[in-house]
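Here is the structure we will look at, set down as structure tokens.
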Amino acid sequence: MDQNKTGKFIAGERKRKALTQKQLAEMLGISDKTVSKWERGGGFPEVSLLLPLCRELDITVNELLAGERVAEEDYKKKAEENMMNLVKEAQESRKKIILSALVAALAILAALPLVIVAGALEMETWLRCLLIGIGLVVVVLGIIIACVLDRDAGAFECPECHERFVPEMGAYIMGPHTITKRKLRCPKCGAVKYCRHVLTK
């Protein structure tokens, strides 16, 4: 699913209806910043807003997902393409999550022998410090790569307003977390809650 294409389509259909971003936002009960974000390709409408948005713009959900008007004869084909794109996006996100776990595990496994050797064998102090330092660098780099992969896999969903978003790296790293949730501030409603990690944006 191409968010930029969908954003341009939303903007075009809004203008065709002679609506401002603020007017469309008021109809949907959201902020005009959210509409602006969609139109710039910086996000996608949450599931609960798909039908109301389509109703206001006189388009179908299929057309919204495709980012273009769909002729009657192409409707089924486009619906199948959209479904396949959603499945593909979820699969790619799942692969990133698995890869992030593997990278973190491999980094720890690679660093562990260095630390064990540094602690168990007789050696110069500088060499011991060097081995421990290399081990720490390997672990830190592995965790950074794992965090980048995990953060970019799908999005996080606010339990209050159901906005899906990708957090800033600082907020992601500092947020307390469980296996499937992370405490983050929602950019839409401002709530600081445990947001569920979802596979699609």
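Below are the figures for this structure:
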read-out: Residue tally, condition under 16 Å from residue 5 (Cα atoms) and hydrophobic (A, V, I, L, M, F, W, C), over segment 30-49; value: 3
read-out: Extreme residue, farthest from residue 137 (Cα to Cα), among residues of segment 78-126 that are charged (D, E, K, R) and surrounded by 13 or more Cβ atoms within 10 Å (Cβ to Cβ); value: 78
read-out: Some residue of segment 72-94 being in a helix (DSSP H, G or I) and modelled with pLDDT of 85 or more; value: no
read-out: For residue 183: the one exception among (1) surrounded by fewer than 17 Cβ atoms within 10 Å (Cβ to Cβ); (2) in a helix (DSSP H, G or I); (3) not assigned by TED's automatic domain parsing to the domain that holds residue 86; value: (2)
read-out: Test: residue 191 is aliphatic (A, V, I, L, M), in contact (Cβ under 8 Å) with a residue 12 or more places away in the chain and outside the structural domain of residue 110 (by TED's automatic domain parsing); value: yes
read-out: Some residue of segment 191-198 being β-branched (Val, Ile, Thr), modelled with pLDDT of 90 or more and in a strand (DSSP E or B); value: yes
read-out: Extreme residue, nearest to residue 163 (Cα to Cα), among residues of segment 10-59 that are among the polar types (S, T, N, Q) and without any contact (Cβ under 8 Å) to a residue 24 or more places away in the chain; value: 36
read-out: Residue count for segment 1-57, restricted to those that are closer than 28 Å to residue 87 by Cβ and outside any helix (DSSP H, G or I); value: 10
read-out: Residue in segment 110-132 that is under 26 Å from residue 46 (Cα atoms) and of a type outside the set (Phe, Trp, Tyr) present; value: no
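The values are calculated or read from the model by the stated rules, or taken from the named source; none is laboratory data. What you are looking at is a predicted structure, and each value in this text was computed from that prediction instead of being measured. Here Cβ is always computed from backbone atoms with ideal geometry, including for glycine, and neighbour counts include all displayed protein chains.
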